[in-house]
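Take a look at the structure set out below.
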Amino acid sequence: MDTKTTIPSSQPTSGQGRLYVALAALLWSTSGAFTKILTRDTFLGLNIPEVQPLQIACCRVLFAGLVLLPTIRRRDISFRPTMAAMAISFAVMNATFIWAMTVGTAANAIVLQYTAPMWMYLASVLWLGESADRRNLVALVIGLVGIGVIFMGGWQGGQIPVVLIALVSGLGYAAVMIFLRVLRDVSSRWLTVVNHLFGGLVLLPLVLTQPSPLPTQFLVLFIYGAVQMGIPYWLVARGLRSVSPQEAGTITLLEPILNPLWAYLVASETPSWFELVGGTFIVGALVWRYWPLKRRGGEGARGRGGEG
């Protein structure tokens, strides 16, 4: 007789959970490739006629929201005043991220967006009144060194506006995470759909005034939204059933590492030396911040997801 504990089919194992999160990070990392396909001269030739950054920003989140909409249940739906600020922050984050990736490099855009946890930490301490801790403080200092290096490169290369746009994306991302913490008692599925649909609909009036993309470009935009944005949220939700948020945060650091690689393979885009060094500092700071700590006395075996 088999005495092994049977794991319910709806509950992934730890290995499956890590695989779900890793696959989500892999899909998220393709944003640079999708953006470059639509805005650079590649083997697909889909940059003519030119697709504007706001068109990309609008379609990717609108299609993602529509794909995720069937996951909503009636019990998930609720409305809070704070949700408006959250949705606006998400729209700003999305638009500035695509803008920075279109006019600059994928590496610059993604690593500066990933400064969000640093700004979130500062806001948590200065605004929410949470206590400071050594681990986050060290990560903040390392990350600020990386940002300084990227600013030096931007200053020498005349790319300061692009750097600032990417930093705004990181600040917008931090604001979204803070609002998600404030709204933690609201369905995460519902908040995700609200953010994506609002982020697309708010840009739609501006997009409709611009020349329409070709059918093949629309197909790429749909795949961009559905596959690169929509599916990863479902994968992460599944993965977090058996993987702690701390470990998931470490695994998703695959995104800023792989994103420039796909952009290079698709459009031969090479980051500058300053972007590589600065990005290494920022990713290193995030690894330091998210790497799971071993707890004393076997405390680490008590459940999952308790790190906050």
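Quick notes on this structure:
- Backbone amide hydrogens, once placed in the peptide plane, bring R80 within less than 5 Å of nothing, excluding anything fewer than 5 places away on its chain.
- For the chain, with +1 on Lys and Arg beta carbons and -1 on Asp and Glu, the positive-most of M118, Q246, V92 along the dipole: Q246
- Based on DSSP H segments of at least four residues, each scored -39500 (n - 2.57), the chain has a per-residue ellipticity at 222 nm of -21000 deg cm²/dmol.
- Maximal additional length on extending the W273-Q156 stretch stands at 40.9 nm, based on 0.36 nm per residue less the C-alpha distance.
- Net length gained if the chain between V125 and V138 were fully extended (0.36 nm per residue, minus Cα distance): 3.2 nm
- Distance between the pseudo-spin-label points of V287 and L265 (7 Å out from Cα toward the beta carbon): 2.1 nm.
- Accessible area per residue for the chain is 51 Å², calculated with a 1.4 Å probe on protein heavy atoms, without ligands, DNA or RNA.
- Placing dummy labels 7 Å off each Cα toward the beta-carbon, the span from F79 to S188 is 2.6 nm.
- Tensor-based shape of the range 162-218 (alpha-carbon gyration tensor, a/c under 1.5 rounded, otherwise prolate or oblate): oblate
- Helical segments meeting 20 Å axial Cα length and Kyte-Doolittle 1.6 threshold in the chain (DSSP H): 53-68, 160-182
- Here the accessible area is traced with a 1.4 Å probe on the protein chains. For the chain, carbon and sulfur cover 67 percent of it.
- About the Cα centre, charge dipole magnitude for the chain (Lys/Arg +1, Asp/Glu -1 at Cβ), debye: 1020
- Matching label, semi-axes √(5λ) of the Cα gyration tensor in Å computed from the structure shown, candidates [x] 36, 21, 18; [y] 31, 25, 20; [z] 28, 23, 20: [y]
- Dipole axis of the chain (+1 Lys, Arg; -1 Asp, Glu on Cβ), positive-most option in T216, L46, T13: T13
- Probe 1.4 Å, all protein chains present, accessible-area order of Y290, Y121, largest first: Y290, Y121
- Two-site label geometry, L69 and F218: point separation in nm, points 7 Å out along Cα→Cβ: 1.6
- Calculated FRET efficiency, F43 to L204, Cβ-Cβ distance, R0 = 22 Å: about 0.10 to the nearest 0.05.
The values are calculated or read from the model by the stated rules, or taken from the named source; none is laboratory data. Note that the structure is predicted; figures quoted are calculated from it, not measured. Here the Cβ is made from the backbone with ideal geometry for all residues, glycine too, and neighbour counts use every protein chain on show. Surface accessibility is based on the protein's heavy atoms, side chains included, excluding ligands, DNA and RNA. Shrake-Rupley method; radii C 1.70, N 1.55, O 1.52, S 1.80 Å.
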